[in-house]
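The block underneath contains the structure these notes are about, expressed in structure tokens.
The values are calculated or read from the model by the stated rules, or taken from the named source; none is laboratory data. Treat the numbers as computed from the prediction; the structure is a model and nothing was measured. Please note: Cβ atoms are built from the backbone with ideal geometry, for glycine as well, and neighbour counts cover all protein chains shown.
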Amino acid sequence: MNDDALRDHMVGTFLDHQWQLKESRDFYTGARRPDAIGVSVPPQMRRLLAAVGYPRLYVDALAERLEIEGFRLGTDESDSTLWDWFKMNDLDVESTLGHTDAFVYGTSYITVTAPHPHDPGVDPKVPVIRVEPPTALYAKIDPYSRQVTSAVRFITNENMETRTATVYLKDRTVTWVSEHQGQWKTVSSIRHGLGMVPVIPLANRTSLEQLHGMSQITPELRSLTDDASRITMCMSATAEMMAMPQRVLFGVSADDLGIQQSPLGDGKAHFDALTARILAFEDPDAKATQFTAAELMNFVNVLRELAKQAAAITGLPPQYLSSSNDSPASAEAIKASESRLVKTVESKSRVFGAAWEQAMRVAWKVMNPDEQLPAEFYRLDTVWRDPSTPTYASKADAVTKLYANGTGLLPKRQCRLDLGYTLSQIERMEMWDESEDPFKGMAPDLVSAPTDNPMI
């Protein structure tokens, strides 16, 4: 297959997958979905359809707890070069966006390219690492090797006048541009010779059958979201029409109310009279009564039950969905209520961590194309921030007990890492420790020499 045929095939495959992403995006953004209303709802009520935010709440709760703190090579604590690459590409911010898209759509992608010497503001010693959404990029994955065999990045402008297609292959990257729906024109063809496609999927909820991942907004959560939207819509309609008591007047004409009939006969004058706060009549036979206002607690109870079901499916703490009025009594109660959510985030960090490790291996290969990948890069680990929410006091108490004045299970440096201090802060603390050491500069035999003086 030549490059043009491969481009057309990849672009066609990319466009075929876009319709699957729209529904997930609508659930996350809370867009109005007519199919969530039901056929029995009158058209006039459909504008009252509410946006229930269960999917966004769940996805954001997961993404907020996934934060990369560094990369570890072998037994080293951290690799400063890889972390510098990560920070200089603004991935401390964009990585969270990539994780969010992976939760919403089922996958997002990491692309790695060599720095272009003519691009302004680009460090020639730092690879270009970007996070791409599945609405702009699609990759084909070999089911046997689990590796990307080819990928396409397809972008159009707002008016669909200009299209750009970039096809990533194992040996080269080719870019085309088409203006005004015309013929494709080759812009660049770069032979990188990596032997691998510089595109790494951030796949969520993968399986042996579905290598591209699946959305974290599961069918069960989507059904609950639609049910909650319909119940909220019905509650709004009931509150609009029946929540206030309706008055009924017998034996009273419009003249008795001191108003004139509307010349158009639209009944507006009657409506204005019935909604008045004070009604007085001279006719002794006039009677007034009212209907009982509609009870909205039935809808509230149903919404509360749906929130409990959503909490059971997602593992979100009850206070996230306001399904419980009782606040957790202590830090331990907070940790217990978040245990399922924390375990989910930990499992996601292992999957996403493997993708980031592969991205860093590709980045190293891009910057060193003529060298073999060092063996320690296969033992590369992604360092994640603790996804739980322990209080600082409880964490300090735990590391103090484990340190136990230097006689416990953990050394001082590990305790400082567990408390959340950065490596630069820890190195500064260790310099201060050395400057405060009273035995610094003394001979080792004098420091450790026994003495017979009982006063020492």
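Is it true that Gly70 is loosely packed, with under 15 Cβ neighbours inside 10 Å and touching a residue at least 24 places away in the same chain (Cβ under 8 Å)?
Taking the combined requirement at face value, the residue does not satisfy it.
Is there a residue being free of Cβ contacts under 8 Å to residues at least 40 places away in the same chain and over 30 Å from Pro115 (Cβ atoms) anywhere in the range 345-353?
Checking the range 345-353: at least one residue is free of Cβ contacts under 8 Å to residues at least 40 places away in the same chain and over 30 Å from Pro115 (Cβ atoms).
Among the numbered criteria (1) within 18 Å of Leu306 (Cβ to Cβ); (2) within 14 Å of the chain's Cα centre (by Cα), which one does Ala63 miss?
Going through (1) within 18 Å of Leu306 (Cβ to Cβ); (2) within 14 Å of the chain's Cα centre (by Cα) one by one, Ala63 breaks only (1).
I'd like to check something: does the range 96-104 contain any residue that is assigned to a helix (DSSP H, G or I), polar (S, T, N, Q) and not assigned by TED's automatic domain parsing to the domain that holds Leu423?
Looking for residues that are assigned to a helix (DSSP H, G or I), polar (S, T, N, Q) and not assigned by TED's automatic domain parsing to the domain that holds Leu423, one finds at least one in the range 96-104, hence yes.
Across the range 1-33, what is the number of residues that are free of Cβ contacts under 8 Å to residues at least 24 places away in the same chain, in a helix (DSSP H, G or I) and either polar (S, T, N, Q) or farther than 26 Å from Thr100 by Cβ (or both)?
Count: 5.
Does any residue of the range 172-185 turn out to be on the phi < 0 side of the Ramachandran plot, touching a Leu at 6+ places or on another chain (Cβ under 9 Å) and either crowded, with 18+ Cβ neighbours inside 10 Å or assigned to a strand (DSSP E or B) (or both)?
Yes, that holds for at least one residue.
For the range 374-395, what are the residues that are surrounded by 14 or more Cβ atoms within 10 Å (Cβ to Cβ) and without any contact (Cβ under 8 Å) to a residue 40 or more places away in the chain?
Listed by number, the residues that qualify are Pro374, Asp386, Lys395.
All but one of (1) crowded, with 17+ Cβ neighbours inside 10 Å; (2) closer than 19 Å to Tyr105 by Cβ; (3) out of contact with any helix residue (DSSP H, G or I) (no Cβ under 6 Å at 6 or more places or on another chain); (4) not acidic (Asp, Glu) hold for Val197; state the number of the condition that does not hold.
Result: Val197 passes all but (2).
Hey, among the residues in the range 330-341 that are surrounded by 17 or more Cβ atoms within 10 Å (Cβ to Cβ) and among the aliphatic types (A, V, I, L, M), which one's modelled with the lowest pLDDT?
Ile334
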